[in-house]
Amino acid sequence: MAKLNLSIAVRDYDRTRPLTDGTVQIDGVDPVFLALDPEEIFFRAFRHAEFDICELSLSSSTVKTAQGDFAYVGVPAFVSRAFRHTSIYVRTDRVKQPADLKGRKVGISEYQLTANVWARALLEDEYGVKPTDIHWIRGGLEQAGRVEKITITLPANIRLDPAPEGATLNAMLEAGEIDAFIGPRTPSCFEQGRPNIGWLWSEPMAAAKDSFRKTGNFPIMHMIGVRRALVEQHPWLPAAVLKAFTRAKSICLALLEETSASKVTLPFMEEQVKAARDFMGADFWPYGIPANRKTLEYFLAQHHRQGLSPRLVKVEELFHPTTFETYKV
């Protein structure tokens with residue numbers, strides 16, 4: 001049987017590199033890899049379904065599933081995860097603690113971004129700051145004019161306005177025209193050390209660890225998707241994709257454990273890996289449904305609660321049934 005010639009768009013992560021360099025093969029697939037930034041992948045995937053297999057936003061995937069218009073079938077290879085305590089940047093002359101965000105203007109690139117769903121859940125569940133307490137300003141962080149990549153309908157009590165024409169959220173934050181920014185990208189004014197710009201938490205790692213102790217959630221940002229039309233023709237494909245991505249991640253983690261020469265340009269890597277395992281468990285970056293069901297169900301409930309999905313989406317709706325369990329030897 002001839003292999004399927006498929007396009008695969010993922011960011012260049014260490015956990016996907018064994019796929020892109022050919023060390024790991026996807027059974028039955030002759031791939032063409034495109035190493036693109038997530039923003040480009042998501043825009044092209046959710047607007048035009050351009051890729052056969054690609055990295056996808058968990059939030060956008062949930063929106064499209066709830067709307068019954070999802071061009072992809074999910075695979076639970078979670079190539080991007082992050083604690084979002086470092087994603088909330090504030091005017092430190094005005095905002096000293098989470099409660100100070102009430103009544104403030106907070107910039108966001110898109111309301112439905114996965115990072116923003118997690119940040120709002122964190123603020124409400126752990127600090128009592130509800131989405132309705134904030135005046136949201138949507139726009140491009142460094143380039144003016146960004147809009148939502150997919151259509152969403154928010155509850156009437158959410159106050160969301162566009163940034164002024166030609167304005168960037170970074171410039172507005174630096175000028176004090178907004179009080180905070182939430183998003184996965186770092187504002188350049190923070191990177192440049194501009195006055196009165198900082199993280200909401202002065203010790204975000206400590207705050208994230210405290211959150212993990214309480215919730216057990218290591219937030220999922222991105223999953224992998226396979227075009228639905230392909231899956232209908234080749235139902236074996238999602239399981240093959242999960243198998244390959246899982247093997248690639250295992251190779252990545254094994255390389256991190258090598259002590260003879262660090263594979264990452266970062267000091268104390270060996271100690272960091274040990275600390276992560278001691279704190280979060282041996283498989284601190286799990287793929288698959290069983291190890292992630294609790295986190296996924298929490299996210300889906302929050303997504304619905306925030307008004308982004310008109311109904312509560314179930315885990316079983318997002319992912320192909322062949323990816324819920326695997327063989328054992």
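Please treat every number below as a calculation from the coordinates, not as lab data. Fair warning: this is a prediction, and the values are worked out from it, not measured in the lab. Heads up, the Cβs are rebuilt from the backbone with ideal geometry, glycines too, and the neighbour counts pull from every protein chain shown.
The three principal axes of the Cα atoms in segment 9-131 give end-to-end lengths of 55, 33, 22 Å, sorted in falling order.
In order along segment 9-20, the Karplus-derived 3J(HN,Hα) couplings, from 6.51 cos²θ - 1.76 cosθ + 1.60 at θ = phi - 60°, round to 10, 9, 5, 7, 9, 4, 7, 10, 4, x, 7, 6 Hz, and Gly and Pro are given as x.
Taking amide H atoms as placed 1.01 Å from N in the peptide plane, the amide H of TYR287 has no partner under 5 Å among residues 5 or more positions away or on other chains. The chain gives an Rg/Rh value of 0.96, both radii derived from C-alpha positions and Rh following Kirkwood. Taking all C-alpha pairs of segment 85-215, those more than 22 Å from each other amount to 31 percent. Total lysine pairs in segment 85-215 at Cα distances under 19 Å, for residues eight or more apart or on different chains: 4. With helices as the sole contributors, the chain gives -10500 deg cm²/dmol at 222 nm; each DSSP H run of n ≥ 4 counts as -39500 (n - 2.57), and the sum is divided by every residue.
Restricting the GluC sites (Glu not before Pro) of segment 244-329 to loop positions (DSSP other than H, G, I, E, B) with no more than 16 neighbouring Cβ atoms within 10 Å leaves GLU258, GLU325. Placing R0 at 35 angstrom, the Cβ-Cβ distance between ALA175 and THR151 gives a FRET efficiency of 0.70 after rounding to 0.05.
Rounded to whole numbers, the Karplus 3J(HN,Hα) couplings from phi for segment 124-137 are 6, 6, 9, 10, x, 9, 8, x, 6, 7, 10, 9, 8, 10 Hz, using 6.51 cos²θ - 1.76 cosθ + 1.60 with θ = phi - 60°, and x at Gly and Pro. Considering the dipole of the chain built from charges on the beta carbon (Lys and Arg +1, Asp and Glu -1) around the Cα centre, which of LEU6, LEU300, PRO204 is farthest to its positive end? The residue sitting farthest along the positive end of the dipole is LEU300. When only Cα pairs below 8 angstrom with a gap of at least 6 residues are kept, the chain shows a relative contact order of 26 percent.
Between the amide H of LEU36 and those of VAL10, ARG11, ASP12, distances stay under 5 Å, these residues lying 5 or more places away or on another chain, with hydrogens modeled in the peptide plane. Charged neighbours of PHE51, selected by a Cβ distance under 11 Å, balance to -2 (K, R count +1; D, E count -1). Using Cα atoms only, what is the angle between the long axis of helix 269-280 and the major principal axis of the chain, expressed in degrees (0 to 90) to the nearest 10? On a 0 to 90 degree scale, this one is about 80.
Residues in segment 93-109 carry Karplus couplings, in order, of 7, 10, 10, 10, 8, x, 4, 5, 6, 5, x, 9, 8, 10, x, 9, 6 Hz; the curve used is 6.51 cos²θ - 1.76 cosθ + 1.60 with θ = phi - 60°, and Gly or Pro positions show x. For segment 253-322, the spherically averaged projection of the C-alpha convex hull amounts to 7.0 nm².
Please determine, in degrees from 0 to 90 and to the nearest 10, the orientation of helix 237-257 with respect to the longest principal axis defined by the Cα atoms of the chain, where the helix direction is its Cα long axis. For helix 237-257, the angle is close to 70 degrees. Taking amide H positions as modeled 1.01 Å from N, with prolines and chain starts lacking one, the residues under 5 Å from ARG159 and 5 or more places away or on another chain are TRP136. With the charge dipole of the chain set up from +1 on Lys and Arg Cβ and -1 on Asp and Glu Cβ about the Cα centre, the Cα lying farthest toward the positive end among the listed residues LEU242, ILE134, VAL273 is that of ILE134.
Relative contact order for segment 85-215: 39 percent, from Cα pairs under 8 Å spaced at least 6 residues apart, divided by residue count.
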